[in-house]
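The values are calculated or read from the model by the stated rules, or taken from the named source; none is laboratory data. Everything numeric in this text was worked out from a predicted model, so none of it was measured. Neighbour counts run over all protein chains shown; Cβ positions are idealised from the backbone, glycine included.
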Amino acid sequence: MGNGKIRILIAKPGLDGHDRGVKVVARALRDAGFEVIYTGLHQTPEMIVNSAIQEDVDAIGLSILSGAHNALFPRIIQLRRERGADDIVVFAGGIIPEEDIAPLRAAGIAEIFTPGTSLQQIVDWVREHVTPRGVRT
Amino acid sequence: MVMPARRPTVPTETLSTVPLKVVYRAADVDLDYRRDLGDPGEYPFTRGIHPDMYRGRLWTMRQFAGFGTAEDANKRFHYLLAMGQTGLSVAFDMPTLMGYDSDHPRALGEVGREGVAIDSLADMEILLDGLPLDRVTTSMTINAPANVLLALYVAVADARGIPRDQVGGTTQTDMLKEFIAQKEWIVPPRPSMKLIQDMLVFGARELPKWNIISISGYHMREAGATAAQELAFTLADGIAYVQAGIDAGLPVDEFAPRLSFFFDCHVDFFEEIAKFRAARRMWAKIMRERFGAQSPRSWWLRFHTQTAGVSLTAQQPLNNIARVALQALAAVLGGTQSLHTNSMDETYALPTQEAVTVALRTQQIIAHETGVAGTADPLGGSYFVEALTTEIERQAWEYIRRIDDLGGMVAAVEAGFPQREIAEASYRYQQQLERREKIIVGVNEFVQPEEQPIEILRISPEVERRQVERTRRVRAEREQRAAAEALARLRETAQSGGNTMDAIVDAVKTHVTLGEICDVFRAVYGEYREMAII
């Protein structure tokens, strides 16, 4: 049950190994006082949703730079629904072309951060949009 | 009018936080010309590996390319050669880099997206169609399955009747930097080193013109390493590969001359030039003093350079043309043997044809208009550049000592040492950006609210479907018994600890796929799992 501290799974779907951004974001979120679990690289949608449920997180942050987001993100949202975990907020960052953003948001990705976003913007967004599931009404 | 909180200032330290003086004087430099610099072409090669540098031979203009299916990539190669490019460089897609065929479930959505998909001999034949393999050298950016791609290349050359000793090119084959930074792996570090040994022995025996390993700092730098870390970790990786070759029974002078290097050229102009000069001096000493190499060619650090992808910005993308030009200039002043200039649109996707042409033209302008190529090491003797060269070298030796203390690079990688150092440096840098202690034009300063989107290259999902179909057809139509026997022989060779290369070449000739071969290695050696460090 939630103790008031927001728990976030930071996950890296796809086969690309570009983990500089994801690690920096994970550290910034941890330094901002959230509990952060980082999955490591090359995670399938199934692995990510399983980890999120096992770890009882409040949010999943996805990082992808391989261009496979249109195939992988909707699958993660679909699995989240199948597992009855729609209250886990999913947000994302990486190289996501402008025209892909609206369809991904419509599919259920709460926010998408593109290059140039400051760490503070991400931290502020999480504070505003994610609440610990234990105290949710 | 809103005033900025703080006026942007010029840097007082390098990008890698080496403090800078306002002016450098003779007293800042303590060098013996013959011992520490030498003329170009003379030990320790600080000033370059050739006496006449670019007058004798211009650097190779080698644009990294590959996307979609083998047909798409082949078309781009023909275009680049027609535009005056002088060498080929193949980018592979993520499933190929990880040793999965295009129809593997993990390849979903990734096929042909960040490079070309190569699963079998059929793909390789199309990729190389019409390209003169005996006259053009091909660099393949492939690591974990480098043995398979080399085997496919050799199989195509064999089929065309080109003698193996005429086939020239490079496979990256640098697994240590994969575990550290690029992170496309199959089996753990120690069996990876064994497979590399097999390639070194095969190369020494069969392919005298092939560079089996391109020891790469690029990816570590892109992952956030400082200039000194890039230099130190790359040379420490090199030390591990030379030791691996010696341990496999090869005389050092038989394979060391074919080792080449690959560095990043970041945006801090003089720091990069100093890094290249320090690299040559250090490698010459390592090869002569540590390994006792006798041949001057073993002492040479020959290197390819790519401008820094990480320095490009998604904001105001045309500015990237200027960044790339300055980085390319630094690489040339640093004495590179070949160069890839990034395209302005690469933060978004693989480059469009127009963007890649501008990038190639940038090199041609530096080579033929600016006059910088006419004189070897034009900055040699500059108080500043010499002092910075010495400082970066000092920092890099310190790291190499620490890695030696850990038992060498393989042990250091297993302990996560370089991974942690890079993650630290990367986080420090990001914090400097957040505090605007470092300025990136268009990102944290000189920001423009409304931006015109540029045109980017889109890869059709159709590519994946066509590629999956072809690979399934290859598997269905091949001579099944021959393929099964070749795979069984490969498995036995891997299990017995014998050299796997001939068995891989035989297997690809029977149309066994890349994924099937890598499955053998996964079964025999196990799959690598990273300890995730943040």
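Before moving on, here are some points about what is shown:
- Matching residues in segment A:74-132 - criterion: being outside any helix (DSSP H, G or I) and aromatic (Phe, Trp, Tyr): A:Phe91, A:Phe113
- Residue within segment B:446-454 that is modelled with pLDDT of 90 or more and in a loop (DSSP other than H, G, I, E, B) present: yes
- The lone exception for B:Phe270 - which of (1) under 24 Å from B:Gln243 (Cα atoms); (2) assigned to a helix (DSSP H, G or I) it fails: (1)
- Within segment B:313-331, being out of contact with any strand residue (DSSP E or B) (no Cβ under 7 Å at 6 or more places or on another chain) and either more than 14 Å from chain A (Cβ to nearest Cβ) or surrounded by 22 or more Cβ atoms within 10 Å (Cβ to Cβ) (or both) holds for B:Pro317, B:Leu318, B:Asn320, B:Ile321, B:Ala322, B:Arg323, B:Ala325, B:Leu326, B:Leu329.
- Taken over segment A:21-41, residues that are of a type in the set (Asp, Glu) and touching a strand residue (DSSP E or B) at 6+ places or on another chain (Cβ under 7 Å) amount to 1.
- Of the residues contained in segment B:383-405, none is found to be in a helix (DSSP H, G or I), among the acidic types (Asp, Glu), within 13 Å of another protein chain (Cβ to nearest Cβ) and farther than 29 Å from B:Met175 by Cα.
- Single condition B:Arg529 does not satisfy, out of (1) within 14 Å of another protein chain (Cβ to nearest Cβ); (2) more than 23 Å from A:Gly17 (Cβ to Cβ); (3) charged (D, E, K, R): (2)
- Residues of segment A:11-22 that turn out to be facing chain B (nearest Cβ under 8 Å), touching a Ser or Thr at 6+ places or on another chain (Cβ under 7 Å) and either under 17 Å from B:Gly224 (Cβ atoms) or surrounded by fewer than 21 Cβ atoms within 10 Å (Cβ to Cβ) (or both), as a count: 2
- Screening B:Leu15 on (1) in contact (Cβ under 8 Å) with a residue 24 or more places away in the chain; (2) within 14 Å of another protein chain (Cβ to nearest Cβ); (3) out of contact with any strand residue (DSSP E or B) (no Cβ under 8 Å at 6 or more places or on another chain) shows it passes everything except condition (2).
- Test: residue in segment B:91-98 that is more than 14 Å from chain A (Cβ to nearest Cβ), out of contact with any Cys (no Cβ under 8 Å at 6 or more places or on another chain) and under 27 Å from B:Leu360 (Cα atoms): no
- Test: residue in segment A:67-78 that is away from chain B (no Cβ under 14 Å) and either surrounded by fewer than 17 Cβ atoms within 10 Å (Cβ to Cβ) or under 12 Å from the mean Cα position of the chain (by Cα) (or both): yes
- Restricting B:Arg35, B:Arg47, B:Arg57 to residues that are in contact (Cβ under 8 Å) with a residue 40 or more places away in the chain, basic (Lys, Arg) and on the phi < 0 side of the Ramachandran plot narrows the list to B:Arg47.
- Where a residue in segment A:23-38 is more than 10 Å from chain B (Cβ to nearest Cβ) and its partner, wherever it lies, is of a type in the set (A, V, I, L, M), with Cβ under 8 Å and at least six apart: A:Ala32/A:Val123; A:Ala32/A:Val126; A:Phe34/A:Ile6; A:Phe34/A:Ile8; A:Phe34/A:Val126; A:Glu35/A:Ile6; A:Glu35/A:Ile8
- Of the listed requirements (1) more than 9 Å from every other protein chain (Cβ to nearest Cβ); (2) outside any strand (DSSP E or B); (3) at negative phi, A:Gly4 misses just one: (3).
- The set of residues from segment B:452-505 being surrounded by fewer than 13 Cβ atoms within 10 Å (Cβ to Cβ), within 14 Å of chain A (Cβ to nearest Cβ) and more than 19 Å from B:Leu108 (Cα to Cα) comprises B:Gln452, B:Pro453, B:Glu455.
- Residues of segment B:410-444 classified as within 12 Å of chain A (Cβ to nearest Cβ), at negative phi, among the charged types (D, E, K, R) and more than 27 Å from the chain's Cα centre (by Cα), total: 2
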